[in-house]
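See below for the structure under consideration.
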Amino acid sequence: MKSYEVNFDGLVGPTHNYGGLSYGNVASQSNSQQSSNPKEAALQGLAKMKALMDMGFQQGVLAPQERPDVAALRRLGFAGSDAQVIQRAAKEAMPLLVASCSASSMWVANAATVSPSADTADGRVHFTAANLNCKYHRSIEHPTTSRVLGAMFADQQHFAHHAALPAVAQFGDEGAANHTRFCRAYGEAGVEFFVFGRSAFDSRYPSPQKYPARQTLEASRAVARLHGLSEEGVVYAQQNPAVIDQGVFHNDVIAVGNGEVLFYHEDAFLDTDRMLAELGDKIAKVGGKFQPVCVPRSAVTVDDAVRSYLFNSQLLSRADGSMLLIVPEECRGNERVWNYLQGLTGSGGVIREVKVFDLKQSMQNGGGPACLRLRVALNETELAAVNPGVIMTAPLYESLTQWVERHYRDRMTENDLADPQLLLECRSALDELTQILKLGAVYPFQIN
Ligand code: SUG
């Protein structure tokens, strides 16, 4: 049976703004309070989805969330009508209003961890929504994420959904941003690679000194248990705490894997040799030949990687067995990174081509091409069981582009977030979107 890696990209929501909400994420911090352009952000994301679809890749779309999240503000004690809740929050606690307006659900690599059916004990595709509890503005995403994923992958014969892990720092879980899967072919058993930043219960593992390590070993192990993965099909590795302190807040800022290839920076991990050996052994046991591609620090520094998002790229398999790297425009703007990429694609190795995309609106909040997509490996039968409304087609691209043109503002600052009219605009846009994507009622305003 044929099998595919389907990339579901997060559609940027109408409140996209630069809130400076993510300590440890250099771009989010340095663009704080700048004015954003939600319309451009959404169109840039859609252009990437369309381009990948046109290249013959399977592409889907994941809906944004209801923002401002009035219910979240109510839980924090703001009362009255929806408009009063927003105005009171704006007056008394602007940072909480900003957090409740974040369009951060666009970075769907953090939506969930996904294990394909070939890896799991019950032969279903498993999803665990990420609790994202390191940052308040992201911790409010998972209930809606679960409803949206449930509406996309509804068939219980093929898809199993797990609620987010307990909402405490000890089980901090950032989803697929710290998870990669290696395999010979998408439909065959693979090796799932979980990368954690710290251990909550075992002090032998070092922690970063400055910035938070968002993913814990205990969270990764819990997800592997929930998904029914075998010991033989899993490798755990620790991120180098020193790179977290340089702004590598997720492992997908310093490494990306696909098929039998791991493309990573020399400084990405702790105990790299042991980890590579374990990956090599386990991948060999499922019939594959592991191909690590290490980028030396002498060619590209960690700082270059953080600024350019070289590793936050999409590594895609082409029909002839070679691979294509989808990188953000910022890679072309960095001489060392661009030179490295020219050498890489010209070297006769597996990565043959680089394609550049302008994702500046998202990049300025620390979200590159890989952050914007959730990978789901599916066989033909499973793909046929996905809600067809969320699979990208030329007509869907047209409808979504027109929908963005109709509903999105082209400028957003902190003051705009305090405008109660914005909530009404977002709700009417999202109501229409659920019809376009055939999701049914997934948003709090549609349910309550
Ligand atoms: O969680 N930025 C996101 C970026 C997530 C990137 N995802 C991956 N690497 N997979 C984050 O830090 C910034 C929001 C703001 O500051 O307005 C933000 O949430």
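Testing Arg198 on (1) surrounded by fewer than 21 Cβ atoms within 10 Å (Cβ to Cβ); (2) within 22 Å of Arg138 (Cα to Cα); (3) of a type in the set (Lys, Arg); (4) within 21 Å of the chain's Cα centre (by Cα), one condition comes back false. Which one is that?
Checking Arg198 against (1) surrounded by fewer than 21 Cβ atoms within 10 Å (Cβ to Cβ); (2) within 22 Å of Arg138 (Cα to Cα); (3) of a type in the set (Lys, Arg); (4) within 21 Å of the chain's Cα centre (by Cα), the one that fails is (1).
Tell me, which residue of the range 138-152 that is under 15 Å from the mean Cα position of the chain (by Cα) and within 16 Å of the ligand (Cβ to nearest atom) is surrounded by the fewest Cβ atoms within 10 Å (Cβ to Cβ)?
Ser139
Looking at this structure, is Val195 within 23 Å of Gln246 (Cα to Cα), modelled with pLDDT of 95 or more and not acidic (Asp, Glu)?
Answer is yes for this residue.
Kindly indicate whether any position in the range 294-307 is of a type in the set (Gly, Ala, Ser), touching a residue at least 12 places away in the same chain (Cβ under 8 Å) and closer than 25 Å to Lys360 by Cβ.
Here is the first cut: in the range 294-307, the ones of a type in the set (Gly, Ala, Ser) are 298-299, 305.
So of that shortlist, the ones also touching a residue at least 12 places away in the same chain (Cβ under 8 Å) come out as 299, 305.
Those still in the list that are closer than 25 Å to Lys360 by Cβ too: 299, 305.
Looking through the range 294-307, at least one residue is of a type in the set (Gly, Ala, Ser), touching a residue at least 12 places away in the same chain (Cβ under 8 Å) and closer than 25 Å to Lys360 by Cβ.
Assess whether Asp202 counts as being charged (D, E, K, R), at pLDDT 95 or above, within 27 Å of Phe8 (Cβ to Cβ) and assigned to a loop (DSSP other than H, G, I, E, B).
Considered against the rule, which asks whether it is charged (D, E, K, R), at pLDDT 95 or above, within 27 Å of Phe8 (Cβ to Cβ) and assigned to a loop (DSSP other than H, G, I, E, B), Asp202 comes out as no.
From the set of residues in the range 205-229 that are in a loop (DSSP other than H, G, I, E, B) and surrounded by fewer than 17 Cβ atoms within 10 Å (Cβ to Cβ), which is farthest from the ligand (Cβ to nearest atom)?
Only one residue tops the list, namely Gly228.
May I ask you to verify whether Val108 is closer than 30 Å to Phe182 by Cβ and either crowded, with 16+ Cβ neighbours inside 10 Å or touching a helix residue (DSSP H, G or I) at 6+ places or on another chain (Cβ under 9 Å) (or both)?
Here the answer is yes, as Val108 does meet what is asked.
Could you grab the pairs with beta carbons closer than 6 Å, sequence gap of 6+ or different chains, first residue in the range 14-39 and touching a residue at least 40 places away in the same chain (Cβ under 8 Å), second one basic (Lys, Arg) and within 8 Å of the ligand (Cβ to nearest atom)?
As it stands, the answer is Ser22/Lys135, since those pairs meet every condition given.
Starting from the range 251-266, keep only residues that are touching a residue at least 12 places away in the same chain (Cβ under 8 Å), then list their pairs with residues that are among the charged types (D, E, K, R) and within 16 Å of the ligand (Cβ to nearest atom) whose Cβ atoms are within a distance under 8 Å, requiring at least 6 positions of separation or different chains.
Note: pairs meeting the criteria are Gly257/Arg181.
Within the range 23-41, is even one residue part of a strand (DSSP E or B) and either within 13 Å of the ligand (Cβ to nearest atom) or farther than 19 Å from Leu437 by Cα (or both)? Write out each step before concluding.
So the first thing to find is which residues in the range 23-41 are part of a strand (DSSP E or B), and the list is 36.
Checking the rest, the ones that are also either within 13 Å of the ligand (Cβ to nearest atom) or farther than 19 Å from Leu437 by Cα (or both) come to 36.
There is at least one residue in the range 23-41 that is part of a strand (DSSP E or B) and either within 13 Å of the ligand (Cβ to nearest atom) or farther than 19 Å from Leu437 by Cα (or both).
Looking at the range 398-418 only, could you name the residues that are surrounded by 12 or more Cβ atoms within 10 Å (Cβ to Cβ) and not charged (D, E, K, R)?
Result: Ser399, Leu400, Thr401, Trp403, Val404, His407, Tyr408, Met412, Thr413, Leu417, Ala418.
Just checking: which of the strands (runs of 3 or more DSSP E) contained wholly in the range 230-317 hold 1 or more residues that are surrounded by fewer than 18 Cβ atoms within 10 Å (Cβ to Cβ)? Reasoning before the result, please.
Working: elements: 234-238, 255-258, 261-265, 291-295, 314-317.
Once the strands (runs of 3 or more DSSP E) in the range 230-317 are filtered for at least 1 residues that are surrounded by fewer than 18 Cβ atoms within 10 Å (Cβ to Cβ), what remains is 234-238, 291-295.
The values are calculated or read from the model by the stated rules, or taken from the named source; none is laboratory data. Given the structure is predicted, the values throughout are model-derived calculations rather than measurements. Virtual Cβ from ideal backbone geometry, glycine too; neighbours counted across all protein chains shown.
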